[in-house]
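These notes concern the structure reproduced below.
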Amino acid sequence: MCSAFVVSSELDGQRLDVALKRLLPQMGLRGGRRAIAAGLVLLNGRPEKAARRLRVGDHVEVLARPTQATALPRFIARQGDYLFVDKPAGLYCAHLAGGGPSLEELLPEVVPADCAKARLLQRLDRETSGIVCAALGDRAVRAFRVAEREGLCDKHYLALLTGSLLRPLTARFGLETEDRRKSRVGGPVEDATRWTDFRPLRHFDPEQAACLLACLGAPPPFAARELTLAACRIRRGARHQIRAHAAALGHPLWGDTLYGISSPPQKDALADQAASAFFLHHGALFFPGGRCVLSPPWPMQHIALE
């Protein structure tokens, strides 16, 4: 246990998240909500919602955040002014209050000493594994962004989708991402750099799907449904692009509580990140000046990404 408190009259009637901010100001409101969503805050011995009102004499316990069972980030290669790092699932790219270590913070310890000032060019969701590219200097950063805008940057992913994707499909929907925790899918856009291509690689019937999820270490229970392992291709990338586009096509990522069709809506802005356990891997990145391929850390036969 990290910290324990007994609610005083000053906190009587306060929301749990607001009271936690007062009790542990270093966590901040967002960090406290994230800890609550992850089940690390107990009220009278039980996890509660952030909006739960406190009463005098209630016991609040803040548990130590479990150490991630995933591997640490790993340096892959340097090509000119570009660096490639393998980010494991379970690790945030950018620092978030209460979110534990991030790739951004760990990067200087992972890359060669003379590359400690490299800047991340990509951000993957916490549960997404795979390649993250970093650049040395403003020129390299600008060149990468130009390649993205001109459609010269190819980003290839593997995703485990619900349902049976029978043929290749392209999601051409625009996305509204600004000031949103969940990207909103709009109408079709002409800019091909904003599209997502989906190509089915292998289908799993309900029995095979249950065996696959068990091998992947997914949390049970496993609903009886078909799954599709799909290759996904994007050029630029917007927040949650693959997740939002897959759901818009009727095939959300398995375990994605934010975009899953049958999943209950998440009222807490951070609950999705604590509850989701989807499988999405950034396995290949090609652009002028850089090329990297990385197999997924999943116990399944190797699938070529090129």
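Please treat every number below as a calculation from the coordinates, not as lab data. If you're wondering where the values come from, they're calculated on a predicted model, not measured in any experiment. Using ideal geometry, Cβ is built from the backbone for each residue, glycine included, and neighbour counts are taken over all protein chains shown.
Observations on the structure shown:
- Straight-line reach from Lys21: taking Cα to Cα under 18 Å and skipping same-chain neighbours fewer than 8 places apart, the aspartates and glutamates in range are Glu10, Asp12, Glu48, Asp58, Glu61, Asp268.
- Taking all Cα pairs closer than 8 Å and separated by 6 or more residues, the relative contact order of the chain comes to 17 percent.
- The largest-to-smallest principal axis extents of the Cα set in the chain are 62, 50, 37 Å.
- Bridgeable lysines around Lys87 (alpha carbons under 23 Å apart, same-chain partners fewer than 8 residues away excluded): Lys117, Lys155, Lys182.
- Near Trp298, once Lys and Arg are set to +1 and Asp and Glu to -1 for all other residues with Cβ below 14 Å from its Cβ, the sum equals -1.
- Global geometry of region 125-261, whether rounded, prolate or oblate, following the gyration tensor of its Cα atoms and the 1.5 cut on a/c: prolate
- Environment charge at Pro73 (Cβ cut-off 12 Å; Lys +1, Arg +1, Asp -1, Glu -1): -2
- Sequence ranges 108-116, 127-135, 145-153, ranked by mean other-Cβ count within 10 angstrom, highest first: 127-135, 145-153, 108-116
- Each principal axis of the Cα cloud of region 3-62 was evaluated for its coordinate range; sorted largest first, these ranges are 25, 21, 20 Å.
- Other residues with beta-carbon under 11 Å from the beta-carbon of Glu176 carry, at +1 per Lys or Arg and -1 per Asp or Glu, a net charge of +2.
- A Förster radius of 41 Å, combined with the Cβ-Cβ distance separating Arg184 from His59, puts the computed FRET efficiency at roughly 0.50.
- In terms of surrounding Cβ atoms within a 10 Å radius of their Cβ, Ser183, Ser295 rank from fewest to most as Ser295, Ser183.
- Long-range amide H partners of Tyr92 with built H, under 5 Å: Leu103
- P(r) tail, region 151-226: Cα-Cα pairs separated by more than 22 Å, 44% of all pairs.
- Footprinting exposure proxy for Asp138, Asp86 (fewest neighbouring C-beta atoms within 10 Å first): Asp138, Asp86
- Estimated purely from DSSP H runs of n ≥ 4, each contributing -39500 (n - 2.57), the mean residue ellipticity at 222 nm for the chain is -5500 deg cm²/dmol once divided by its residues.
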